[in-house]
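The values are calculated or read from the model by the stated rules, or taken from the named source; none is laboratory data. These figures come from a predicted structure and were not determined experimentally. In this analysis, Cβ positions are derived from the backbone assuming ideal geometry, glycine residues included, and neighbour counts consider all displayed protein chains. Side chains included, ligands, DNA and RNA excluded: accessible areas come from the protein's heavy atoms. Shrake-Rupley method; radii C 1.70, N 1.55, O 1.52, S 1.80 Å.
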Amino acid sequence: MTDAEDLKALEARLKRWEETSLKDSLKALPERRATFVTTSSRPVRRLYTPLDLAGKSAAERLGEPGEYPFTRGIHPTMYRGRLWTMRMFAGYGSAEDTNRRFKYLIDHGETGLSVAFDMPTLYGYDTDAKEAKGEFGTCGVAVSSLEDMEILFRGIDVGEVSTSMTINSPASVTWAMYLAMAEKRGVPLTKLRGTIQNDILKEYEAQKEWIFPPEASMRLVVDTFEFGAKQVPQWNTISISGYHIREAGATAAQELAFTLANGMEYVRWGIDRGLRVDDFAPRLSFFFNAHNDLFEEIAKYRAARRIWAREMRDTFAAKSPRSWLLRTHAQTAGVSLTAQQPEVNIVRTTIQALAAVLGGTQSLHTNSYDEAYQVPNEKAVRVALRTQQILAHESGVANTVDPLGGSYYLEALTDELEEEAYRTFDRIQELGGVIPAIRKGYFQQEIANSAYRYQREIEDKERTIVGVNDFVVDEQPEVERLKVSEASYRAQLERLKRTRKTRDAQKHARALDRLRNGCEGDDNTMPLILDAVRARATLGETCDVMREVFGVWEEPLLY
Amino acid sequence: MPKKIRVLIAKPGLDGHDRGAKVIARALRDAGMEVIYTGLRQTPEDIVEAAIQEDVDAIGLSCLSGAHMVLFPDVVKLLKKRRAGDILVAGGGIIPEDDVPKLKKAGIKAVFGPGTPLSDVVAFFQKAGKAKGA
Amino acid sequence: MASLLDGDKRAAAKLISLIEDDEPEAAEALATIYPHTGRAHVIGFTGAPGVGKSSLINRLVRLFRARGKKVGVVAVDPTSPYSGGAVLGDRIRMADTGVDPGVFIRSMATRGHAGGLALATFDAVRVLDAMGMDVVLVETVGAGQSEVEIASRAHTTVVVEMPLAGDAVQTMKAGILEIGDVYVVNKVDLADADTLVANLRFQIEARDGWTPPIVRTSALEDARIDELADALEKHAAYLRRSGNWKKRELDRARQEILENARRLLAQRVRDPGAAGSSFETLAQQVVARKLDSQSAAVRLLQVATRKGPRQRARP
């Protein structure tokens, strides 16, 4: 029988099945709900069959692992060759506090570092700025100076370990501090491996950690592409993120589409600068959420790889396969964690991590069960790390490449997400592109609408959140508090005072002047920022110069 | 006609996670209230000044970065100083259970942690409005 | 009251709330402060949603402050017809000016009033006037007939437009070309404004010795805001010089008296009493063809104006 004949026969069989077995079954036992939906409220059908996959060949849809369009994964051997990097996001209090946490995690088997910074640092303020009141070290580590960066990595060989730094608006400065620190230790820049998140577009859209207006920020980002390509070739100068877009309330489809649209915008800007796409595209990396709905998430990662490969090869004419393949980090969904019955979060995190692994992530952070109300304590973070180790070594899912490839449901879902993404790309085009759409509040509005709809579903009990609107117990969770110490705060202030007092004032002033001039002109800002950092300018001082020149972004109509 | 309840929803400090604040604002609107949403990066001074000019019945503060122990009480203190202590203050966000008694002692009338049903939040503000005669 | 006239923001805010809630004390308080009003330059802003009124107003506030003026703002947003609630989001765009002691910003919901304003809007403006504001900016919802409402109440009406991207032919609302004293074409950095500006220039006519200027503005150029502020101040000067300030105030007074009278009458026929029962009887007579409605109205006026408590209705 030919494929077409097979399908016709299947169609007939399904019809018969619907009219007999299914009909009888529904009569005896109706389904639990009228419609079943994913976490993103996408309708899910009762049964998926080869009929859902008709229309595209396996070659088109899947390809082979490690080859265009990379649906099945970006390496031929995936986790058989190398496990994903277990990279736990960590940071709180002072550099000393976080350095201790890094070592704890390394001791317990994490294979990559990931730095969480506190609010003032994320917004380009020093610990002693007035805007920093009450915010020292509460959600990440405070890094105001090169000294802080040195202490943060004390006793850690940055030539060997890869470090991801989750920082955006001031990313150039923080990166410069890392590079200057490595330099001081005699580690050549060419040896450094890591990532800076540096994804400003999603800040305007979702996380709101912006400082400067879009055009100035994009210039800073492309400066890092250019600098990195030449001087720090093993560094990922951007982590184009969907995680935060999803956390802010977007659906899986929106997370996928908005992230890739942002990605393509960065590519456009790089090309406009005059860079050859194959010179910087291989160092673009991604960061997706790993949310509750197992299959929707796996489909999302696969659709992402396929779309990116196609766009890079066909739209941007990249020649190198390394430019086509989408490398991603994933983090389990923070927003899904509950404060009620927190130990149950371990189960959520496990399923979400499983989705990321079955989806082919290159690197993974798993949330700790106490993160609905604090930065994780040691016990909680250890369990989170063990979760990854169980998946890697006991569950068997890492033993074969893309185990779910070919699943009718999964492939249909991947196709659906891909189609929806392209419709969204068209919409963004109609609005004039990513930055005009940001100014028009398009992303922000879509995200707020999805967030509201999701919350209403919970309120109306259409959607069950275990422990919150069902299976509720009246229990006070007992969790060991992790607190930021007064002593750390005072030590940090002291250190800042010392930095300002003991540095070469002239060298410092000259470096900031040169940075100011460079910002006003067309120079690549990275070397100038590096000089400022070497002259012991603080994060706040450096960002203030840039604030002076570039101005500060005013959020558009966001309701 | 029943008086309209006016509420200020504010995000003190640097924290930019506004998903919750915006959802709450919409829910309060759907419950018939007039909601002034201040936007991000508000200082306690900004918040209190807005509350006074808008003559709100209550303020809802949202903070997810852990700075609530400093910023929330600052708002209450400033309201008292400006002789507007009759404006009720509630807080929400990432707030550990054992911080709640301290916040309440500092004058925060209610704390709505993660997982709080919207209906609870709406009920609080409805009560707050009725206390002022709405 | 005394503290309000001194500039006490809490007192002013509370009075505005009383006015919005139509409390009996509000009428008395307004009557008390009325003699202290009339100084402020009231500028109304109309224009479609999304055109950038709030941001423009924010920048004007900063500029007027720099020029030494005290500024009040009343920003109106629509009340949801379904829930009766509203999200008042204009203040967000004015975040950095809110704590300036010389600035007072009040957000107001339309509360069912059709048009771009709330019933309480212009009484709130009076409160800000009485408390010492030199300029009061009123931002309308921008939909419906807001431009007509505001033109009849403000000294200066600013119409804010923005150029459409692409080749779409830009149509303008009927009437908009007749009521503006100053026209602003905003967001000129985002699309080509020349066609729109040319169209406006062609269609806008001088009235009474004033040719409405067309100012181009964009978020990226501060100089333009200076131009706008200058145009607004020029218009105020023109109004005073030409006698039109007084003329507009007279027009407005006439309108307000009539509207108050209308409202008072409507209130009276709702209340139990001579007017109310007479109203019912008259309505029955009209239906029974014993009387036509015009004659009925004359009779009603006679009855209603015979005696009644001193009340003040808001226009």
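Structure summary
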{"item": "Identity of the residue in the stretch C:196-225, open to solvent by 20 Å² or more (accessible area, probe 1.4 Å) and in a strand (DSSP E or B), that ends up modelled with the lowest pLDDT", "result": "C:E221"}
{"item": "When residues of the stretch A:92-147 are limited to those that are under 24 Å from A:V533 (Cα atoms) and assigned to a strand (DSSP E or B), the one farthest from the other protein chains (Cβ to nearest Cβ)", "result": "A:L113"}
{"item": "Tally, over the stretch A:462-489, of residues that are more than 10 Å from chain B (Cβ to nearest Cβ) and surrounded by fewer than 16 Cβ atoms within 10 Å (Cβ to Cβ)", "result": "12"}
{"item": "Members of the stretch A:326-347 found to be more than 12 Å from the chain's Cα centre (by Cα) and either open to solvent by 30 Å² or more (accessible area, probe 1.4 Å) or under 11 Å from A:T387 (Cα atoms) (or both), listed by number", "result": "A:V335, A:Q340, A:Q341, A:E343, A:V344, A:I346, A:V347"}
{"item": "Every pair of residues 6+ apart whose Cβ atoms lie under 9 Å, when the first sits in the stretch A:1-25 and is touching a residue at least 24 places away in the same chain (Cβ under 8 Å) and charged (D, E, K, R) while the second is in a helix (DSSP H, G or I) and surrounded by 10 or more Cβ atoms within 10 Å (Cβ to Cβ)", "result": "A:D6/A:P50; A:E11/A:L51"}
{"item": "Residue satisfying condition, being of a type in the set (S, T, Y), within 28 Å of A:F295 (Cα to Cα) and facing another protein chain (nearest Cβ under 10 Å), within set A:Y454, A:Y442", "result": "A:Y454"}
{"item": "Residue within the stretch C:138-156 that is among the aliphatic types (A, V, I, L, M), farther than 28 Å from B:P2 by Cβ and modelled with pLDDT of 95 or more present", "result": "no"}
{"item": "A:A299 vs. criteria touching a residue at least 60 places away in the same chain (Cβ under 8 Å), open to solvent by 10 Å² or more (accessible area, probe 1.4 Å), of a type outside the set (S, T, N, Q) and more than 29 Å from A:A229 (Cα to Cα)", "result": "no"}
{"item": "Residues (among the acidic types (D, E) and either touching a Lys or Arg at 6+ places or on another chain (Cβ under 8 Å) or open to solvent by 60 Å² or more (accessible area, probe 1.4 Å) (or both)) located in the stretch C:256-291", "result": "C:D271, C:E280"}
{"item": "Residue list for the stretch C:62-91, filter: hydrophobic (A, V, I, L, M, F, W, C), open to solvent by 20 Å² or more (accessible area, probe 1.4 Å) and under 20 Å from C:I43 (Cα atoms)", "result": "C:L63, C:A66"}
{"item": "Test: residue in the stretch A:174-186 that is open to solvent by 10 Å² or more (accessible area, probe 1.4 Å) and either within 14 Å of chain B (Cβ to nearest Cβ) or within 16 Å of A:A281 (Cα to Cα) (or both)", "result": "no"}
{"item": "Spans of helices (runs of 4 or more DSSP H) in the stretch A:242-281 with at least 2 residues buried (at least 23 other Cβ atoms within 10 Å of the Cβ)", "result": "A:243-247, A:252-273"}
{"item": "The stretch B:39-54: number of residues that are of a type in the set (A, V, I, L, M) and open to solvent by 10 Å² or more (accessible area, probe 1.4 Å)", "result": "1"}
{"item": "Candidates B:R19, B:R6, B:R29, B:R82 - the one that is at the interface with chain A (Cβ under 9 Å from one of its Cβ atoms) and basic (K, R)", "result": "B:R19"}
{"item": "Every residue from the stretch B:14-71 that is of a type in the set (A, V, I, L, M) and free of Cβ contacts under 8 Å to residues at least 12 places away in the same chain", "result": "B:V70"}
{"item": "Residue match in the stretch B:51-74 (condition: in a helix (DSSP H, G or I), closer than 30 Å to C:T79 by Cβ and more than 13 Å from the chain's Cα centre (by Cα))", "result": "yes"}
{"item": "Scan of the stretch A:490-514 for residues that are open to solvent by 50 Å² or more (accessible area, probe 1.4 Å) and among the β-branched types (V, I, T), ordered by number", "result": "A:T502"}
{"item": "Wholly within the stretch C:1-92, helices (runs of 4 or more DSSP H) carrying at least 3 residues that are closer than 24 Å to C:A231 by Cα and of a type in the set (K, R)", "result": "C:53-66"}
{"item": "Selected residue (criterion: surrounded by the fewest Cβ atoms within 10 Å (Cβ to Cβ)) from residues of the stretch A:190-221 that are assigned to a helix (DSSP H, G or I) and basic (K, R)", "result": "A:K191"}
{"item": "Those residues of the stretch A:304-325 which are of a type in the set (V, I, T) and surrounded by fewer than 17 Cβ atoms within 10 Å (Cβ to Cβ), in sequence order", "result": "A:T315"}
{"item": "Residue within the stretch C:83-102 that is closer than 18 Å to C:R153 by Cβ, more than 9 Å from chain B (Cβ to nearest Cβ) and of a type outside the set (F, W, Y) present", "result": "no"}
{"item": "Residues satisfying the stated conditions in the stretch A:423-461, i.e. on the phi > 0 side of the Ramachandran plot and either surrounded by 19 or more Cβ atoms within 10 Å (Cβ to Cβ) or touching a residue at least 12 places away in the same chain (Cβ under 8 Å) (or both)", "result": "A:G433, A:G441"}
{"item": "The stretch B:41-68 - residue that is in contact with a Leu (Cβ under 8 Å, 6 or more places away or on another chain) and within 7 Å of another protein chain (Cβ to nearest Cβ) and, of those, modelled with the lowest pLDDT", "result": "B:S65"}
{"item": "Only listed residue being under 24 Å from A:E459 (Cα atoms) and open to solvent by 10 Å² or more (accessible area, probe 1.4 Å), chosen from B:I36, B:I24", "result": "B:I24"}
{"item": "Any hit, the stretch A:133-149, residues being within 25 Å of A:A384 (Cβ to Cβ), without any contact (Cβ under 8 Å) to a residue 24 or more places away in the chain and either β-branched (V, I, T) or surrounded by fewer than 23 Cβ atoms within 10 Å (Cβ to Cβ) (or both)", "result": "no"}
{"item": "Any chance B:G93 is at the interface with chain A (Cβ under 10 Å from one of its Cβ atoms) and either at positive phi or in contact (Cβ under 8 Å) with a residue 60 or more places away in the chain (or both)", "result": "yes"}
